[in-house]
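A short worksheet on the structure shown next.
The values are calculated or read from the model by the stated rules, or taken from the named source; none is laboratory data. Note that the structure is a prediction, hence the values are computed from the model and not measured. Because the Cβ atoms are built from the backbone with ideal geometry, glycine has one as well, and the counts that use them run over all protein chains shown.
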């Protein structure tokens, strides 16, 4: 009997919510900051996954092999790149910290709060993020090439080069 | 801070192009790896990682290049339209990279377990396949090996000349080899629930307790001398070895016994001891007889000289006659002792044994010694004439037949049997009576000089000693088997070939000469 009573109560509550709801509340609107948050969370997820990969490679002792060592370096560089990218995104969205404007065609001016010149310099350097992600991709390429060579040698019954 | 925009532009554009190029190169390598081993989960992971990074590289790099171009050409509004899409794809590609990597760690563990299970299954499959393919031949080989082993041990069990028996803790015989059947004659023994009780064969019931106690203590016994009593009442000396065997599947322990019949050896030992004893007595007797014989001869000579000068009716003549009679009696005893000691060689000639026996029997019947005795003669007609001293052999026969007659009293059966020794080389003459038999304690002494069970005035105790000496002097042997109350059998063994007897003569002459 108590179960039937609880079920009836729950049904009544649900009906009440549905019948009295504002039509505009059926779906949530997503404003501009959500895209940034999702992107930053994606970067964070990328960092966690690369950290997991690095941990797994150490745990399995695979880093003793040259191919996996390259892949480990790639994971570390990707982590650094993600950290840098997250920082730049943060700075871009907080205009009260820095102000960026073009001065002519080939020059830019970065305004910073007095005594925070370092922030401007950091922003400038972090804008060169390809200096981290391209080497990361390169080490991934080297690692894969090494692993492929070893796998091919193994399948051919030879010792790896 | 004012700085050049060129480095940012160059690094952005060149880096973007490099990212695209490297991403596709990585994808190509990952595809090749995947092709090498399509089921390898690591290569699968790397392929998915490269897919995601390629999407990311294309989306981001193309976006960056486009951004730079649009901004430089003053189309910032267009870029503002495109930017959210590029950012969303970038976020998506990051998510894919993260998801693939995190799921890969879990998938790897599952894959490892599956690989182990797969290997175990492959091993088990190979073993099962091998077993299935070779089961029949293996069963055949094992069966053959088992059969051969069983046959080998069965041959040992069946072929053993000694008794082998398996008995339970209560002494019931569970298995018995043919030698055991021959020894124990279990068909004639009492059985309980179809099982023969080994304990009933033991002469001493306490032997079983001692045997089981020793087996429980040490697990085995060896060379234990035991007397068995067979269903026909005869006793056998045996040498027993045994061990306690635990059941392979927890059955009650059984006792494995190996029993060697050493009755024959025991008898031989006794006979050898008897022969040595008699030989020692013989040497002593011969020495004493020689020493006494000469003075007796002198006494007899002087007595006879004195008799010549005496008239027969005088008292002195009667006294001298008494002396002469006793001296002659002493000489007779001395003669018997010398015969026992085999100091004089027999006068041999070819003798047909059967007429000789008949002659002795006729003489004895004529004397009336065998009036009420039934006589059976079982002769082996194939026995050739022997090389014997007929007179001395007659003396032996008379001694034995007189003893038999005395043992049987008024009635009885006397059986004389001649036969060839199965081993060859000897003729055996059995003189068997149905008399009172000889007590076991007297058996070892019957050939001793002066040993007699007769009253003092009925025997000197030299008859069997003399007979023993005569037979030994012929290179033969004399044996006795007797059971108290049932009769006695004397067996005389005489060599069939003259050479064996002659060798014995030489020994006798040598002994006499010394």
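Assorted remarks:
- For region A:76-107, taking the residues that are at the interface with chain B (Cβ under 10 Å from one of its Cβ atoms) and in a helix (DSSP H, G or I), the one that is nearest to residue A:42 (Cα to Cα) is identified as A:82.
- If you go through region B:68-78 and keep only what is within 13 Å of chain A (Cβ to nearest Cβ) and either buried (at least 19 other Cβ atoms within 10 Å of the Cβ) or more than 18 Å from residue A:130 (Cα to Cα) (or both), you end up with B:71, B:72, B:73, B:74, B:76.
- Cβ-Cβ under 8 Å pairs, at least 6 apart or on other chains, region A:29-41 side more than 8 Å from chain B (Cβ to nearest Cβ) and at pLDDT 85 or above, far side in a helix (DSSP H, G or I) and surrounded by fewer than 15 Cβ atoms within 10 Å (Cβ to Cβ): A:40/A:90
- Residue-level analysis places residue B:47 outside the set of residues that are more than 9 Å from chain A (Cβ to nearest Cβ), within 30 Å of residue A:115 (Cα to Cα) and part of a helix (DSSP H, G or I).
- Taking the conditions (1) facing chain A (nearest Cβ under 9 Å); (2) within 14 Å of residue B:12 (Cβ to Cβ); (3) touching a residue at least 40 places away in the same chain (Cβ under 8 Å) in turn, residue B:62 satisfies each one other than (1).
- Selection count where residues are in a helix (DSSP H, G or I), more than 9 Å from every other protein chain (Cβ to nearest Cβ) and either under 13 Å from the mean Cα position of the chain (by Cα) or surrounded by fewer than 16 Cβ atoms within 10 Å (Cβ to Cβ) (or both), scope region A:45-61: 3
- Candidate set: region B:25-42, residues that are assigned to a helix (DSSP H, G or I) and facing chain A (nearest Cβ under 8 Å); chosen: the one farthest from residue B:87 (Cα to Cα): B:36
Results for (1) in a helix (DSSP H, G or I); (2) in the same structural domain as residue B:474 (by TED's automatic domain parsing), shown as yes or no for each residue.
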| position | (1), (2) |
| --- | --- |
| B:322 | yes, no |
| B:325 | yes, no |
| B:336 | yes, no |
| B:365 | yes, yes |
| B:370 | no, yes |
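- Checking B:112, B:119 one by one, the residue that is at pLDDT below 85, part of a helix (DSSP H, G or I) and either surrounded by fewer than 18 Cβ atoms within 10 Å (Cβ to Cβ) or within 10 Å of chain A (Cβ to nearest Cβ) (or both) is B:112 and no other.
- Filtered residues of region B:399-433 (kept if within 28 Å of residue B:451 (Cα to Cα), out of contact with any helix residue (DSSP H, G or I) (no Cβ under 6 Å at 6 or more places or on another chain) and not in a strand (DSSP E or B)): B:400, B:402, B:403, B:404, B:405, B:406, B:407, B:408, B:409, B:410, B:411
- Search result, residues across region B:246-266 that are loosely packed, with under 14 Cβ neighbours inside 10 Å and either in a strand (DSSP E or B) or without any contact (Cβ under 8 Å) to a residue 40 or more places away in the chain (or both): B:246, B:247, B:248, B:249, B:250, B:251, B:264, B:265
- Scanning region A:108-132 for residues that are within 7 Å of another protein chain (Cβ to nearest Cβ) and in contact with a strand residue (DSSP E or B) (Cβ under 6 Å, 6 or more places away or on another chain) returns A:108, A:109, A:110, A:112, A:120, A:124.
- Between B:151, B:88, B:145, B:126, the distinction of being within 14 Å of chain A (Cβ to nearest Cβ) and assigned to a helix (DSSP H, G or I) belongs to B:88 only.
- Checking residue A:76 against (1) touching a strand residue (DSSP E or B) at 6+ places or on another chain (Cβ under 6 Å); (2) within 21 Å of residue A:147 (Cα to Cα), the condition it does not meet: (1)
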